[in-house]
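Novice: Got a structure for you, written out below as structure tokens; questions coming shortly.
Rule-based calculations on the coordinates, nothing more; no lab input. These numbers were taken from a predicted model, which means no experiment stands behind them. Cβ: placed from backbone, ideal geometry, glycine included. Neighbour counts: every protein chain shown.
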Amino acid sequence: MVSRESIRYRPVTEEDTPFLRDLYATTRDQEMEKVPWTDEEKRCFLDEQFEAQKNHYQAYYHNADFLVIQLDGRDIGRLYLHKGEKDWCLIDIALLREMRGTGLGTMLIRELMDDAAAAGMPVTLYVEYFNPAKRLYDRLGFQPINTNGVYFEMIWRGDTAPAAT
């Protein structure tokens, strides 16, 4: 398990675009394995999707915290969080492949949940039906409140499910 003291957040800068683009591509690995495209076609598609997602997040969550997650000074992921008047929306969290399944994502989300509970705010998020992270959100006490296309909208309320175990 990674120690919390070795983790830092820093704001995203334009210089982070190549890292974030590559990180995004790794989150789509399973989907890309199923399509009969060349590596170049996959890369073009993923680059376009990355740009569309980036533009969407910036347009709809312009006051959000867009953060790079660092482990001992090395970029290992991203966390995008919008602290709204009614809820805190976990827009996105993604880690490098080698950091997935280590408990780090759980630790960071629990920390966010604790902070939200202290502020008296629920945490919301959207997750695709087939995303393995949905099992994590279920374990952490997030409840589905809506479906939208291929997404579940989920909520965690500090008064109904403890953030820490």
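Novice: Relative contact order for segment 1-139: what percent, with Cα pairs under 8 Å and sequence separation of 6 or more?
Specialist: With pairs under 8 Å counted, the relative contact order is 24 percent.
Novice: Counting other beta carbons within 10 Å of each Cβ, put Lys42, Lys83 in order, fewest first. Present the calculation step by step, with values, prior to reporting the outcome.
Specialist: On the way: Lys42 17, Lys83 14.
Ranking Lys42, Lys83 by Cβ neighbours within 10 Å, fewest first, gives Lys83, Lys42.
Novice: Quick query: amide H of Val12 versus all other amide H atoms, modeled in the peptide plane; which residues come in under 5 Å with a sequence gap of 5 or more or a different chain?
Specialist: Phe66, Leu67, Val68
Novice: Now, a different point. Placing +1 on the Cβ of each Lys and Arg and -1 on the Cβ of each Asp and Glu in the chain, which of Pro144, Leu95, Val35 has its Cα farthest towards the positive end of the resulting dipole?
Specialist: It is Pro144.
Novice: If the reach is capped at under 19 angstrom between alpha carbons, list the aspartates and glutamates near Lys83, excluding any in the same chain fewer than eight residues apart.
Specialist: Partners within reach: Asp65, Asp92, Glu111, Asp114, Asp115, Glu153, Asp159.
Novice: Still on this structure: If packing is taken as the average number of other Cβ atoms within 10 Å across a peptide's residues, how do 100-106, 63-69, 74-80 rank, most packed first?
Specialist: On the way: 100-106: 14.9, 63-69: 16.9, 74-80: 18.4.
The densest-packed peptide leads the list: 74-80, 63-69, 100-106.
Novice: Would you please classify the overall shape of segment 82-154 from the alpha carbon gyration tensor, given that a ≥ b ≥ c denote the square roots of the eigenvalues, rounded means a/c under 1.5, and beyond that prolate means a/b larger than b/c while oblate covers the rest?
Specialist: oblate
Novice: What dipole magnitude, in Debye to the nearest 20, does the chain give about its Cα centre under +1 on Lys/Arg Cβ and -1 on Asp/Glu Cβ?
Specialist: 500 debye
Novice: Which lysines does Lys86 reach when only Cα atoms under 27 Å apart count, and residues fewer than 8 places away in its own chain are ignored?
Specialist: Lys54, Lys134
Novice: Follow-up. Please give, to one decimal in nm, the separation of the simple spin-label points placed at Glu41 and Asp114, each 7 Å out from Cα toward the Cβ.
Specialist: Going by the 7 Å Cα→Cβ label model, 4.8 nm.
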